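Student: Please find one structure pasted underneath; my questions will follow.
The values are calculated or read from the model by the stated rules, or taken from the named source; none is laboratory data. Computed from a predicted structure; not experimentally measured. Using ideal geometry, Cβ is built from the backbone for each residue, glycine included, and neighbour counts are taken over all protein chains shown. Heavy atoms of the whole protein, side chains included, go into the accessibility calculation; ligands, DNA and RNA do not. Shrake-Rupley method; radii C 1.70, N 1.55, O 1.52, S 1.80 Å.
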Amino acid sequence: SSFTPFTFALGGANMVQVRDLAFYQKQPDPGPGWAPTAYPVIFQINAGACLFSRLYFFGVYRGINCGKAGSAIGRSKFDWIWGEFFDYGIQMTFCADVVEIANYHQYTFWSHFQDDVANYCRANSKGIVSLRNDNPQLSNIFMFGLKDGILVDGTGPDGPTAKMAVTNFDADFCTTGFHVVGSLNSVSIVNFNSQCGPPSPPTSRNVWIE
């Protein structure tokens, strides 16, 4: 579980590009009561206007954290991000200028539908998490077998997500497809499909606003 994240600092790492890479983290063999090894995030982005494209994550605990509480950044873009993540794929924190995520695919690439891993993921794993952000734009998003496909959580100290725009989002077999927590979040969704998995509602929901 020891790993030092690739960190991009504000100023010196602005407009960096990362592309055409794959990442693997060794995880316990599936079995009853399975839980992943909790590694630190792969990428910590504290800079602006970065481009990440064609990245593949195989059995990774946390993928990308864009931003940090109390310090505004923005304008980064994530395109063709594929993987299986056990905590979250991408988390955005205080991105105060448009962040774009496109062609994102979170699936059972490592676990191959194994029941013990699936049970863990549907109780714990998130796809894309938005904390305090302005104008995040998400398009062509697919999530499979997670606790939350997209989670918008405005309960933190920096405030809510404003004017999130989501187009072409499919959540398959997730406990909750689209989950919004807290007041004053604003989201628009176009072309959203969700087929929530067992257990049946009210535990599983296509959309949950609380």
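Student: What number of residues within segment 87-124 satisfy the criterion of being small (Gly, Ala, Ser) and touching a Pro at 6+ places or on another chain (Cβ under 9 Å)? It would help to see each step written out before you state the result.
Tutor: As a first pass, look at segment 87-124 and keep what is small (Gly, Ala, Ser): 89, 96, 102, 111, 118, 123.
Now restrict to residues that are touching a Pro at 6+ places or on another chain (Cβ under 9 Å): 111.
Number satisfying all stated conditions: 1.
Student: I'd like the full set of residues that are open to solvent by less than 50 Å² (accessible area, probe 1.4 Å) and under 17 Å from the mean Cα position of the chain (by Cα), limited to segment 173-189.
Tutor: Pass one, segment 173-189, residues open to solvent by less than 50 Å² (accessible area, probe 1.4 Å): 174-182, 185-186.
Across segment 173-189, the qualifying residues are Cys174, Thr175, Thr176, Gly177, Phe178, His179, Val180, Val181.
Student: Which of the strands (runs of 3 or more DSSP E) found entirely inside segment 138-210 contain at least 3 residues meeting this: out of contact with any Leu (no Cβ under 8 Å at 6 or more places or on another chain) and more than 17 Å from Ala118 (Cβ to Cβ)?
Tutor: 187-195, 205-209
Student: Hey, another quick one. If I filter segment 99-108 down to residues being open to solvent by less than 40 Å² (accessible area, probe 1.4 Å) and outside any strand (DSSP E or B), which single residue comes out as nearest to Phe142 (Cα to Cα)?
Tutor: Going through the qualifying residues, I end up with Thr108.
Student: Just give me the residues in segment 7-51 being surrounded by fewer than 15 Cβ atoms within 10 Å (Cβ to Cβ) and part of a strand (DSSP E or B), in sequence order.
Tutor: Thr7, Gln17, Arg19, Asp20, Leu21, Ala22, Tyr24
Student: Moving on to the next point. Can you name the number of the only condition in (1) in contact with an Asp or Glu (Cβ under 8 Å, 6 or more places away or on another chain); (2) open to solvent by less than 50 Å² (accessible area, probe 1.4 Å) that Leu146 fails?
Tutor: (1)
Student: Identify all residues within segment 178-198 that are within 16 Å of Ile128 (Cβ to Cβ) and touching a Cys at 6+ places or on another chain (Cβ under 9 Å); write none if there are none.
Tutor: Ser194
Student: Exactly one of (1) more than 23 Å from Asn168 (Cα to Cα); (2) open to solvent by 10 Å² or more (accessible area, probe 1.4 Å); (3) modelled with pLDDT of 95 or more; (4) not small (Gly, Ala, Ser) is unmet by Lys68. Its number?
Tutor: Among (1) more than 23 Å from Asn168 (Cα to Cα); (2) open to solvent by 10 Å² or more (accessible area, probe 1.4 Å); (3) modelled with pLDDT of 95 or more; (4) not small (Gly, Ala, Ser), the lone unmet condition for Lys68 is (3).
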